[in-house]
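Report on the following structure.
The values are calculated or read from the model by the stated rules, or taken from the named source; none is laboratory data. Predicted model only: the values in this text are computed from it and were never measured. With ideal geometry, Cβ positions are generated from the backbone for all residues, glycine too; neighbour counts draw on all protein chains shown. Quick note on the areas: whole protein, heavy atoms, side chains included, nothing else; ligands and nucleic acids left out. Shrake-Rupley method; radii C 1.70, N 1.55, O 1.52, S 1.80 Å.
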Amino acid sequence: MLLFPLTIFISAALLFMIQPLLAKQLLPYFGGGAAVWTACMLFFQSLLLAGYAYAYLLSRYLSPQQQRWLHSSLLLLALASLPLLWQIPVDPSPERSPLLAILWLLLLSIGLPYLLLSATGPLLQHWFAGRFALRSPYRLYALSNLGSLGGLLAYPFVLEPFLSLTGQRQYWVLGFVLFVGCCLLLMWRELAQLAPGFKGQSARLHKGHSLRWLALSASGVVLLLAVTQQLTQNVPPVPFLWVLPLCLYLLSYIIVFNKPGWYQRGLWLYLFCLGMVFALMLFYLGAQFNLVSQLLLYLLILFSGCMLCHGELARTKPEPQYLTGFYLLLAAGGVLGSAAVNLLAPLLFSQYWEFLAVLLAIYLLLAFAPATERQARAVWQQGLWYSGAALFALCVLTLEWQLGQHNVYSARNFYGNLIVRDVTLDNQLQRQLIDGTTSHGAQFLQLPLSQAAQSYYRPGTGAALAMQHFLPASLSRDVRQLQQRHIGLVGLGAGALAVYGRPSDTLVFYEINPLVIKVATTYFSYLADSAAKVEIIEGDARLTLAAQLQQQGSAKFDLLILDAFSSDSIPQHLLTQEAMQLYWQHLQEDGVLAVHVSNNYLDLTSLLRNQAASLGHQAYFIDTAAEGIAPAAQWVLITSNSRFIQQPQLQQGVNHWPSALKPEVSWSDQRSNLLQVLK
């Protein structure tokens with residue numbers, strides 16, 4: 001019997017270990033945002049469904065001998081396809097849908113191996129039921145989830161800290177070779193002992209139960225993705241923050257299918273209802289909570305919701321002979337849930353309202369229990385269920401009206417969600433750009449205040465000082481400098497920094513999000529009013545700069561300003577050693593790199609100080625204190641231009657570093673550790 005649990009455990013570990021590995025590999029090519037993970041989850045859930053369907057059809061229509069030959073052939077073909085993990089080219093051009101590009105890339109690189117890994121659980125449980133009729137195959141399902149949990153935890157705590165991305169892929173390939181060997185040995189030893197006529201039963205499942213299983217499975221996945229989205233709005237989306245929610249999701253499956261007695265509906269329902277209250281607070285007042293509080297509350301909401309969804313699935317599971325059909329329905333629910341978050345929600349919602357919607361859906365699934373359970377409830381109990389749902393919906397509608405009545409524009413896409421909001425401050429109408437939960441620029445609408453940059457870009461901040469007072473290191477450059485300055489800006493926002501442009505300047509903005517470009521050019525006038533020549537290049541800044549360097553040579557910027565936040569998170573791939581080297585290839589030798597580091601959760605100063613030292617430059621910290629409604633603004637200027645930095649205006653702005661230097665903090669394309677920079 002050892003080969004059955006061993007093969008299932010290895011396959012499950014590989015199945016989930018590859019998920020954060022591939023997602024991290026794709027992050028730099030698609031903006032480094034949270035949507036990369038949700039797109040990957042749609043692919044993984046779809047291939048899981050395809051794997052379960054393959055297992056169902058194989059066990060239903062082929063004899064054990066035929067199953068052995070077909071599955072063995074596909075396993076060998078999958079082995080031959082593994083080199084594609086290194087060879088598939090990425091094309092993140094702005095004209096292509098990033099979601100479709102990610103799905104196509106994953107299908108080409110890992111499609112067949114992932115399909116066969118997905119099929120392993122239900123297929124081996126079917127064979128196990130034929131070989132050991134007196135033993136329950138559902139224990140193998142719990143073991144499969146345990147292997148998945150082990151694979152997930154191994155990634156952030158074993159693979160990622162100690163291996164480069166290349167090394168991680170190599171070890172995963174070795175694991176897949178081991179899996180194929182175990183699976184082939186099992187098939188050629190065990191399937192010969194099954195009766196030639198042994199086949200899976202037709203999936204004759206109760207229609208009412210089937211729809212409920214589908215809804216419960218889909219709701220669990222929507223909750224998982226919605227919580228992960230919320231967690232990674234303000235912190236860079238890294239494997240640890242993907243893995244932690246997914247581990248709790250799997251843990252709930254392990255508990256309810258291995259220890260059904262641990263599912264106490266009353267307890268988990270109480271915690272879930274408490275979580276619904278916390279969810280309202282987090283969704284509308286999330287900025288008031290620190291990172292640890294947000295993490296704990298979101299995980300409470302996720303785990304209690306998954307325990308309810310998966311507990312109800314385990315409580316009503318069918319007999320073992322119907323397990324392949326049951327698993328097929330669970331996988332179909334997972335695909336529906338992933339598709340709802342990736343495809344349906346962006347069309348229906350301008351904000352991430354699926355987070356609140358799925359909480360209400362789970363509550364209603366419990367309220368509308370099977371008829372026999374509802375009949376056992378007293379009238380007042382059923383009324384209490386409906387009252388709870390109505391109260392939650394009323395709270396959401398009230399808060400949306402209260403907070404959204406001043407919104408001018410609201411939209412979302414693959415890269416995030418934006419709100420343009422008008423507020424009155426000191427009898428002046430100010431327009432604000434909100435990305436996620438964070439302000440990304442503001443402008444007063446009446447002259448003369450409309451011509452002044454606000455927020456993180458107001459006079460006296462690091463970026464403003466750099467643009468107003470830049471001087472070349474050499475006197476011989478002064479004449480050219482007075483004629484024209486060439487300034488690159490990574491991240492557009494509302495376009496506030498354009499106010500510092502002079503008539504002879506050229507400002508080149510790099511912006512990946514087309515919605516941001518639309519908002520900056522339609523709802524704000526900074527760009528149109530700028531005295532400088534303004535260019536906007538759509539696409540990921542790092543990829544665009546790399547392509548420009550190869551095709552056109554260095555841009556020779558005098559200043560390069562890095563302000564590419566999504567909500568309160570800056571993409572990691574823009575802060576690695578390789579990225580910094582690229583920036584300096586585009587800068588003049590006496591140029592200045594200005595990096596915006598204002599952040600509620602991360603301290604990026606040690607990282608930038610180390611990056612600057614490795615390139616032979618000096619780093620300077622400029623901290624502008626909050627003034628009234630204007631937030632505190634922290635910038636780091638990196639340069640070797642002593643003539644520029646020694647100006648009195650700059651010296652007055654330079655501050656002591658907010659924390660001691662950590663020499664070990666360094667990020668590269670192959671390795672980066674978010675825990676090193678947490679405040």
(message) Taking the 0 to 90 degree range and rounding to the nearest ten, how far is the long axis of helix 138-154 tilted relative to the main principal axis of the chain, both from C-alpha atoms?
(response) 20
(request) Would you mind giving the three semi-axes, in whole Å and largest first, of the ellipsoid equivalent to the range 456-589 according to its Cα gyration tensor? (result) 22, 20, 14
(request) Could you tally up the Lys pairs in the chain with alpha carbons closer than 22 Å? Skip any pair fewer than 8 positions apart unless they're on separate chains. (result) 6
(request) Do me a favour and compute the ellipsoid semi-axes for the chain from its Cα gyration tensor, root of five times each eigenvalue, largest one first, whole Å. (result) 50, 30, 19
(request) Taking every Cα atom in the range 258-416, find the radius of gyration and the maximum pairwise distance Dmax, and write them in Å. (result) 17.8, 58
(request) Take every Cα pair under 8 Å in the range 534-640 that's 6+ residues apart, average their separations, divide by the length, and report that relative contact order as a whole percent. (result) 25
(request) List, in order, the whole-Hz ³J(HN,Hα) value for each residue of the range 515-531 obtained from phi through the Karplus relation with A = 6.51, B = -1.76, C = 1.60 and θ = phi - 60°; use x for Gly and Pro. (result) 5, 5, 4, 4, 5, 5, 8, 9, 9, 10, 10, 4, 5, 5, 8, 5, 6
(request) Return the whole-Å distance between the Cα centroid of the range 279-298 and the Cα centroid of the range 127-194. (result) 37
(message) Just to check I understand the Karplus step: with θ = phi - 60° and J = 6.51 cos²θ - 1.76 cosθ + 1.60, what whole-Hz values come out for the range 429-437, glycine and proline as x?
(response) 7, 10, 9, 10, 10, 10, 10, x, 10
(message) How high is the relative contact order of the chain? Use alpha-carbon pairs under 8 Å, at least six apart in sequence, and give a whole percent.
(response) 14
(request) State the three equivalent ellipsoid semi-axes of the range 555-656, derived from the C-alpha gyration tensor as the square roots of 5 times its eigenvalues, in descending order and whole Å. (result) 21, 18, 12
(message) Sort 300-310, 386-396, 498-508 by the packing proxy (mean of other Cβ within 10 Å over each peptide's residues), most packed first.
(response) 300-310, 498-508, 386-396
(request) Might you tell me the accessible area per residue for the chain, computed with a 1.4 Å probe and given in Å²? (result) 40
(request) Quick one: what are the phi-derived ³J(HN,Hα) couplings along the range 245-250, Karplus 6.51/-1.76/1.60 with θ = phi - 60°, whole Hz, x for glycine and proline? (result) x, 5, 4, 5, 4, 5
(request) Would you grab the residues whose amide H sits under 5 Å from the one on LEU562? Only those 5+ places off in sequence or on another chain, please, with H modelled 1.01 Å from N. (result) VAL490, ALA594, VAL595, HIS596
(request) Mind ranking 276-284, 405-413 by how tightly packed they are, going by the mean number of other C-beta atoms within 10 angstrom, highest first? (result) 276-284, 405-413
(request) On a 0 to 90° scale, report how tilted helix 354-367 is relative to the longest principal axis of the chain, with both axes built from alpha carbons and the result rounded to the nearest 10. (result) 30
(request) With the full set of protein chains in place, find how many percent of the accessible area of the chain is carbon and sulfur; take the probe as 1.4 Å. (result) 62
(request) Using just the helices of the chain, give the 222 nm mean residue ellipticity in deg cm²/dmol: DSSP H runs with n ≥ 4 each add -39,500 (n - 2.57), and the total is spread over all residues, rounded to 500. (result) -18000 deg cm²/dmol
(request) Compare the peptides 596-606, 223-233, 343-353 by average per-residue count of other Cβ atoms within 10 angstrom and give them in order, highest first. (result) 223-233, 596-606, 343-353
